[in-house]
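**Student:** This is the structure, below, for whatever I ask next.
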Amino acid sequence: MDTGKKHEVIVVGAGASGMTAALVLAQHGVDVALLEANDVPGKKLLATGNGKCNFTNSYQSVECYRGGRPETAMELLDRYDVAYVLRFFERLGILPKQRDGYWYPNSEQAASVREAFVLRLSELGVPVYVNTHVDEVRKGKCFLLAASHRERMESAGAKTGKKQAKPVFSESRRLIFEAGSVVLATGGCAGNISGADGSGYALASAFGHQIVPPVPALVQLRLAEKAWKVLAGVRLNAALMLRITREEGGQEVRERGEILFTDYGLSGIPAMQLSRFAACELAKGDRCGKIEVLLDFFPDTSENDLQRMLLARFLAFPGRAAANTLTGLLPAKLNMVLLTLSGVLPDMDVLRQKGGGMHGVKRCAEALAHCMKCFTSTVCGTNGFESAQAAAGGVSLNELDARTMESKRIKGLYVTGELADIDGTCGGYNLQWAWMSGLAAAEAICGGKNK
Ligand SMILES: Cc1cc2nc3c(=O)[nH]c(=O)nc-3n(C[C@H](O)[C@H](O)[C@H](O)COP(=O)(O)OP(=O)(O)OC[C@H]3O[C@@H](n4cnc5c(N)ncnc54)[C@H](O)[C@@H]3O)c2cc1C
């Protein structure tokens, strides 16, 4: 066991918020070190924004943040607004560019964001202990951190010039660190990325912190209806409403945008935006209400107008099979499912259905318009953390000082980023939160010298 690596501040986790905190602390001359479980810092950053890193968004409002106390994000935004974050990035050498208010590095490479952090941390002389997984943090006179550390070994493949499939590591050994302050910046458990093991929850709860049970957020929805499997691959714009029905009052949340049917359910940004509400409800187990998702494939047309449009279409193509009258309206697979749902036989002329004649045509148009405006499915689950872009839940914000992210229980302990009970919507909000909370903790530790 190695003992006694002492630093003024130790940041646990070299991800988005941890690297931000360490960088600001080092700029103020604080002796800070980063402890990182992975073999390189910022692995998750590489996966962000489909490899382009959507690092913030010009539009900011409290609805963009969710969790026990989303107002905390607005309080931090007063100090670290988007302009502040853009300046911070420019100072790192990242030229920002925006598309519809979504900010990316001009390189469109998430790797360049990580690289900019790594370069600056190295220039500032910040030690980054990689392959160092912190298992325990305790506080006496100072903080004591116990970590398991593995050395990466030179592989046989490296000697022969062959690419090695998996890195080889030494046996792990115990390292002990001492620090005056600790920033827990371990992130949550979302993403199929090593290091996202949720170990930060245990580190915080060991200090008595309340942990709001984490659930996957920004993840795909799983639907109960097996019949929708035939829709896999269908992509289209729709308005979505997630409806939760419970005895003690329900909840409705709306989104709009491009969805993708999959063989298990629904993907696409609007479905992912709704998922944290479904996941929180599902986590109630036996007390879980009924969760449905209602899709409107014509959100800009009223049901009456849609009926009239369908009627005109049926009458314009007399003698055509019902399915053929819908050609060009919605994706063909969806037309078939909607016809079946509305009780219209796809292969038969509508003039001969539902009682026949004009009356039958009208009834077909009514039934179909209703299904197109209100396609209802039961949500039976979400995909797991490995598919999620964020974790909802985490260290309760009631126990953190909203200005500094310092624990109200343990002086000198700070919690930043996704480990705290706040999750952003899609669009750069999770990273905005990570930067802001890292900045707040660092500036609080060095006494606000930067302000
Ligand atoms: C596929 C994907 C795409 C995303 N795209 C976007 C996007 O475009 N825009 C956006 O705003 N957000 C996006 N996010 C979310 C965003 O990446 C996270 O919210 C953000 O990285 C959280 O920052 P953090 O500092 O809290 O944690 P992380 O960035 O997850 O960093 C935590 C670090 O701590 C390390 N660690 C964990 N436990 C320990 C331990 N016990 N000891 C030592 N080290 C430890 C981990 O290895 C990791 O490096 C995406 C997420 C995913 C998975």
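**Student:** Residues in the stretch 422-444 that are away from the ligand (no atom under 12 Å from the Cβ) and either surrounded by fewer than 24 Cβ atoms within 10 Å (Cβ to Cβ) or not in a helix (DSSP H, G or I) (or both): how many?
**Tutor:** Adding up the residues that qualify gives 2.
**Student:** Can you confirm whether the stretch 90-111 contains a residue that is surrounded by 15 or more Cβ atoms within 10 Å (Cβ to Cβ), touching a residue at least 40 places away in the same chain (Cβ under 8 Å) and among the β-branched types (Val, Ile, Thr)?
**Tutor:** No, every residue in the stretch 90-111 fails to be surrounded by 15 or more Cβ atoms within 10 Å (Cβ to Cβ), touching a residue at least 40 places away in the same chain (Cβ under 8 Å) and among the β-branched types (Val, Ile, Thr).
**Student:** Further question on the same structure: Anything in the stretch 235-284 that is in contact (Cβ under 8 Å) with a residue 60 or more places away in the chain and either closer than 24 Å to Ile211 by Cβ or not in a strand (DSSP E or B) (or both)? List them, or say none.
**Tutor:** Within the stretch 235-284, Tyr264, Ile269, Met272, Gln273, Ser275, Arg276, Ala278, Ala279, Cys280, Leu282, Ala283 meet the criteria.
**Student:** Regarding Leu34, is this residue assigned to a helix (DSSP H, G or I), in contact (Cβ under 8 Å) with a residue 60 or more places away in the chain and assigned by TED's automatic domain parsing to the domain that holds Tyr129?
**Tutor:** The answer is no for Leu34.
**Student:** Scan the stretch 211-227 for residues that are crowded, with 23+ Cβ neighbours inside 10 Å, part of a strand (DSSP E or B) and out of contact with any Leu (no Cβ under 9 Å at 6 or more places or on another chain) and jot them down.
**Tutor:** Result: Pro214, Pro216, Ala217.
**Student:** Considering the stretch 71-130 alone, what residues qualify as being of a type in the set (Phe, Trp, Tyr) and closer than 21 Å to Ala37 by Cα?
**Tutor:** Once the filter is applied, which keeps residues that are of a type in the set (Phe, Trp, Tyr) and closer than 21 Å to Ala37 by Cα, the stretch 71-130 yields Phe117, Tyr129.
**Student:** Output the residue which, of all residues in the stretch 206-252 that are of a type in the set (A, V, I, L, M) and within 16 Å of the ligand (Cβ to nearest atom), is nearest to Ala147 (Cα to Cα).
**Tutor:** Ala206
**Student:** Just give me the residues in the stretch 344-365 being surrounded by 13 or more Cβ atoms within 10 Å (Cβ to Cβ) and closer than 16 Å to Arg308 by Cα, in sequence order.
**Tutor:** Scanning the stretch 344-365 gives Val350, Leu351, Gly360, Val361, Lys362, Arg363, Cys364, Ala365.
**Student:** Restricting to the stretch 75-105, name every residue that is among the acidic types (Asp, Glu) and over 18 Å from Phe117 (Cα atoms).
**Tutor:** Glu75, Asp78, Asp81, Asp100
**Student:** While we're looking at this one, here's another question. Quick test of your reading of the structure: Gly208 fulfils all but one of (1) in a loop (DSSP other than H, G, I, E, B); (2) in contact with a strand residue (DSSP E or B) (Cβ under 6 Å, 6 or more places away or on another chain). Name the failing condition by number.
**Tutor:** The single condition Gly208 does not satisfy is (2).
**Student:** Additional query: Right, Leu86: surrounded by 19 or more Cβ atoms within 10 Å (Cβ to Cβ) and touching a residue at least 12 places away in the same chain (Cβ under 8 Å) or not?
**Tutor:** no
**Student:** For the stretch 410-421, which positions are in a strand (DSSP E or B) and either within 11 Å of the ligand (Cβ to nearest atom) or among the hydrophobic types (A, V, I, L, M, F, W, C) (or both)?
**Tutor:** Once the filter is applied, which keeps residues that are in a strand (DSSP E or B) and either within 11 Å of the ligand (Cβ to nearest atom) or among the hydrophobic types (A, V, I, L, M, F, W, C) (or both), the stretch 410-421 yields Leu413, Val415, Ala420.
**Student:** With the requirement that a residue be more than 9 Å from the ligand (Cβ to nearest atom), within 24 Å of Arg150 (Cα to Cα) and not aliphatic (A, V, I, L, M), what does the stretch 14-59 give you?
**Tutor:** Residues satisfying the conditions are Asp31, Asp39.
**Student:** Another question, if that's okay. When Glu108 is evaluated against the numbered criteria (1) at positive phi; (2) away from the ligand (no atom under 13 Å from the Cβ), which criterion, by number, is the only one it fails?
**Tutor:** Just one mismatch for Glu108, condition (2).
**Student:** Mind checking whether some residue in the stretch 398-409 is hydroxyl-bearing (Ser, Thr, Tyr), in contact with a strand residue (DSSP E or B) (Cβ under 7 Å, 6 or more places away or on another chain) and within 10 Å of the ligand (Cβ to nearest atom)?
**Tutor:** no
**Student:** Right, next: Taking Leu203 as the residue in question, decide whether it is in contact with an Asp or Glu (Cβ under 9 Å, 6 or more places away or on another chain) and either within 16 Å of the ligand (Cβ to nearest atom) or not assigned by TED's automatic domain parsing to the domain that holds Thr132 (or both).
**Tutor:** The answer is yes for Leu203.
**Student:** Quick one: Val11 ticks every box in (1) crowded, with 18+ Cβ neighbours inside 10 Å; (2) away from the ligand (no atom under 14 Å from the Cβ); (3) part of a strand (DSSP E or B) except a single one, so which number is it?
**Tutor:** With respect to (1) crowded, with 18+ Cβ neighbours inside 10 Å; (2) away from the ligand (no atom under 14 Å from the Cβ); (3) part of a strand (DSSP E or B), Val11 is out only on (2).
**Student:** Related question: Taking the options Leu338, Leu295, Leu306, name whichever one is in the same structural domain as Arg246 (by TED's automatic domain parsing) and either part of a strand (DSSP E or B) or surrounded by fewer than 18 Cβ atoms within 10 Å (Cβ to Cβ) (or both).
**Tutor:** Leu295
**Student:** Which residue is farthest from the ligand (Cβ to nearest atom), if the candidates are limited to the stretch 128-146 and must be more than 23 Å from Pro41 (Cβ to Cβ) and charged (D, E, K, R)?
**Tutor:** Lys141
The values are calculated or read from the model by the stated rules, or taken from the named source; none is laboratory data. This is a predicted model, so every value here is computed, not measured. FYI the Cβ positions are ideal-geometry reconstructions off the backbone, even for glycines, and counts take in every protein chain you see.
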